[in-house]
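The values are calculated or read from the model by the stated rules, or taken from the named source; none is laboratory data. Here the structure is a predicted model, which means the values were calculated and not measured. Here the Cβ positions follow ideal geometry from the backbone for every residue, glycine too, while neighbour counts run over all protein chains shown. In case anyone asks, the SASA skips ligands and DNA or RNA and just uses the protein heavy atoms, side chains included. Shrake-Rupley method; radii C 1.70, N 1.55, O 1.52, S 1.80 Å.
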Number of protein chains: 2
Amino acid sequence: MYIGIDIGGTNTVIALVGDNCQVKGKVSVATFKDDGYQGLIRIISEKIRDIVSEYHYDLSDIKSIGVGCPGTPDIEQGVILYSCNLGFYNASIRTEIRKYFDLPVFIENDANCAALAESIVGATKDVRDSVTVTLGTGIGCGIIIDKKIYSGFNNAASEMGHCVIDVNGKLCTCGRTGCWETYASAIALKKQAIAAVQQNPHSLIKALVQNDVTKINGEVVFDAYQKGDTVAADIVRTYAKYVAEGLTNIVNILSPEIIAIGGGISGQGERFLSLIRGHVSNNVYCKTVKQTRIRVAQLGNDAGVIGAAMLCMQK
Amino acid sequence: MYIGIDIGGTNTVIALVGDNCQVKGKVSVATFKDDGYQGLIRIISEKIRDIVSEYHYDLSDIKSIGVGCPGTPDIEQGVILYSCNLGFYNASIRTEIRKYFDLPVFIENDANCAALAESIVGATKDVRDSVTVTLGTGIGCGIIIDKKIYSGFNNAASEMGHCVIDVNGKLCTCGRTGCWETYASAIALKKQAIAAVQQNPHSLIKALVQNDVTKINGEVVFDAYQKGDTVAADIVRTYAKYVAEGLTNIVNILSPEIIAIGGGISGQGERFLSLIRGHVSNNVYCKTVKQTRIRVAQLGNDAGVIGAAMLCMQK
């Protein structure tokens, strides 16, 4: 039995994960930020004790604790060097958790945890080399090579969201111009849809959100697209092209056997992926070899805690 | 003693490489294309015999033959699946060479061979994870992870030159729009310089080539830049920015400990690299961690044959 923790900008999930990666139980708490990482770890520690006893286990049944967190970790030292979302800077997560539990503690970037989980029990479990891409507020990516997380010499790799695809394009939150996530994140889709609806107020999208454009999201855009709205069709095709441009870059650089796509928009399944696949297969550099497959990630919101719980297997 | 072969679009180099990667001797022949890969291998085989005896060795001293070749290999089968430059399609290089020599034969992409050589005895020899980028006619790249060539599940990875950095940009030879090599190869620099000189005929560059713009190359542009020509300064700064954009993408995706830059332009050394480094360090996503170093590749034209000769060590 393992504890997997997925610290998010808004909520933190603590899960009890079995040897076969099944989530036995989980609890979500608001990510408490008023008292630094120490305050958050104190709350997490209480929740770990709660969940272990709630599911009739004992702390002695727990083999390790794994933590996934946005930002850049020092995995050897068990420290989050920097997390913009959480306001962490040199946060000694491992040391802090070990004040409460005498257990091995592992730290990783949250997107890497999700990719690891998909590679053990999810969409990429049958292959050695894969990439999991989550289209969310930003774009989270994890690279798996030979069934292990690859994160470069400094644990900072796989920031595909911050690869420039339009060198003269829009300013990204990271300070660069034209990063992929500025065009292909879920937030980018929302922005593209709002701009299109403001230009085309007759679009069905506007009716679906009762004229409140702040309610537009990927689901609404795809609903309108399915119902034949031409504005929605343009938005979806343009967005799919942007997603595909970044994925084609990933294929050309890494040639993973599978790219798994997660995030809310991946719930659109084949009607979204089919648009992307066509664009990628037309644009990859090597067309005469076995091709990377693109599929939907399978573990949804559980990917983070499962991957965190399984970090012990990486050592 | 090993044989390393570097098959290029114009010339093929055959080298006798020692256990410590020193090139004992080499010979260059025109890449004969009139009789398919079989005709080329026949000529190469004669040259292997010649060079072995010329340097007073015996075929029994040779442990293996390695071949680097532009295109996509099937390294298990020893086949070049496709090489646009050479017109090879499913070329059974290993089988053909073994008609002449009863020795182990290894095949790889030429840019991967160069990266491997740099990682064994060149600019990246002190680190486990590196990328070697050659700015030539196109952009050749090789990824080394844990001291081994990484080429994805289908041997087609590391085509960074064909990552889009300008999604609405110039058409690339590969069919995509805005690939990095369209802006940052040596040929791209030449085109940028010719266009700039045509707009600014007073530039010193034009005098340096006696008004024959077809003679413009990176060396001429840098000469003019060093002598204070403002047109050349603009060309160099723009080109360095394009090179840096792609390198920043590589850092964000792979976080190699070192990126080595090869190709003729790398001969400009620090006056070129200093421009690039500034741009990369301002633009990488994770600035709070140890940073990727960018340096000049060390092995020049020998990288290909040395890496090919050392392919046997990868198995």
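List, by residue number, every residue in segment B:279-295 with a reduction of 30 Å² or greater in accessible area between the chain on its own and the complete protein assembly, 1.4 Å probe.
B:Asn283, B:Tyr285, B:Cys286, B:Thr288, B:Val289, B:Lys290
In peptide B:252-262, what is the residue-averaged number of other protein chain Cβ atoms found within 10 Å of each Cβ?
5
Applying 1/(1 + (r/R0)^6) with R0 = 25 Å to the Cβ-Cβ distance of B:Asn200 and B:Lys241, what FRET efficiency is obtained, to the nearest 0.05?
Computed FRET efficiency for B:Asn200 and B:Lys241: 0.85.
How many percent of Cα pairs in chain B exceed 24 Å? Walk me through the numbers before you get to the answer.
Details: 27047 of 49455 pairs.
Value for chain B: 55 percent of Cα pairs lie more than 24 Å apart.
Below 20 Å, Cα to Cα, which aspartates and glutamates can B:Lys206 reach? Residues fewer than 8 away in the same chain don't count.
B:Glu219, B:Asp223, B:Asp229, B:Asp234
What net charge do the residues around A:Ile80 carry, taking every other residue with its C-beta under 12 Å from that of A:Ile80, with Lys and Arg at +1 and Asp and Glu at -1?
Overall, the nearby charge balance is -3.
5 Å is the cut-off here: which amide hydrogens, built 1.01 Å from N in the peptide plane, fall below it relative to B:Val296, excluding neighbours closer than 5 in sequence?
B:Ile261
Collect residues whose amide H, placed 1.01 Å from N in the peptide plane, falls under 5 Å from the amide H of A:Gly71; neighbours closer than 5 in sequence don't count.
Here A:Asp110 satisfy the definition.
What FRET efficiency, computed as 1/(1 + (r/R0)^6) with R0 = 41 Å and r the Cβ-Cβ distance, is obtained for B:Asp19 and B:Glu270, rounded to the nearest 0.05? Write down the numbers at each step before the final one.
Working: r = 33 Å, r/R0 = 0.81.
The value I calculate is 0.80.
Work out how much length A:Leu171 to A:Lys215 would gain on full extension: take 0.36 nm times their residue separation and subtract the Cα-Cα distance, in nm to one decimal.
13.5 nm
What net charge do the residues around B:Val231 carry, taking every other residue with its C-beta under 13 Å from that of B:Val231, with Lys and Arg at +1 and Asp and Glu at -1?
Neighbour charge sum, excluding B:Val231 itself: 0.
Would you calculate a helix-derived [θ] at 222 nm for chain B, using -39,500 (n - 2.57) for each DSSP H run of n ≥ 4 and dividing by the full residue count, to the nearest 500?
-11000 deg cm²/dmol
List the residues, sorted by chain then number, that are 5 or more residues from A:Cys163 or on another chain and whose placed amide H is less than 5 Å from its amide H.
So A:Cys163 has HN proximity to A:Trp180, A:Glu181.
Given a Förster distance of 25 angstrom, what is the FRET efficiency for A:Tyr89 paired with B:Arg128, based on the Cβ-Cβ distance and rounded to 0.05?
That pair, A:Tyr89 with B:Arg128, gives E of 0.35.
If you stretched the chain out fully between A:Asp223 and A:Asp146, how much longer would it get, using 0.36 nm times the residue separation minus the C-alpha to C-alpha distance?
Separation in residues times 0.36 nm, less the Cα-Cα distance, equals 23.8 nm.
Peptides B:240-248, A:261-269: what's the order by average Cβ count within 10 Å, highest mean first?
Peptide ranking by packing, descending: B:240-248, A:261-269.
Which of the three applies to segment B:229-315, rounded, prolate or oblate, going by the alpha-carbon gyration tensor with a ≥ b ≥ c and a/c under 1.5 meaning rounded?
Details: a/c = 2.84, a/b = 1.32, b/c = 2.14.
It is oblate, given that a/c is not under 1.5 and a/b is not larger than b/c.
Give the carbon-plus-sulfur fraction of the accessible surface of the protein assembly as shown in %, rounded to a whole number; probe 1.4 Å, heavy atoms of protein chains only.
48 percent
Would you mind computing, in nm to one decimal, how far apart the modelled labels at B:Phe32 and A:Asp35 are, each placed 7 Å from Cα along Cα→Cβ?
8.1 nm
Below 8 Å, C-alpha to C-alpha, sequence gap of six or more: please give me the relative contact order for chain B in percent.
Details: 656 pairs, mean separation 64.3, N = 315.
Dividing the mean separation by the residue count of chain B yields 20 percent.
Within segment A:274-315, find all residues whose amide N lies under 20 Å from a label point positioned 7 Å from the Cα of A:Tyr55 along Cα-to-beta-carbon.
A:298-314
Using every Cα-Cα pair within the protein assembly as shown, state what percent have a distance larger than 49 Å.
Numbers: 34817 of 198135 pairs.
Cα-Cα pairs in the protein assembly as shown separated by more than 49 Å: 18 percent.
Sequence neighbours fewer than 8 away in the same chain don't count; with that in mind, list the aspartates and glutamates whose C-alpha is under 14 Å from A:Lys26.
Within the straight-line limit of under 14 Å, A:Lys26 reaches these aspartates and glutamates: A:Asp6, A:Glu46, A:Asp50, A:Glu54, A:Asp302.
Return, for the Cα atoms of segment A:29-68, the radius of gyration and Dmax in Å, separated by a comma.
Final numbers for Rg and Dmax: 11.5, 32 Å.
Take every Cα-Cα pair in segment B:11-133 and report what % of them are more than 17 Å apart.
60 percent
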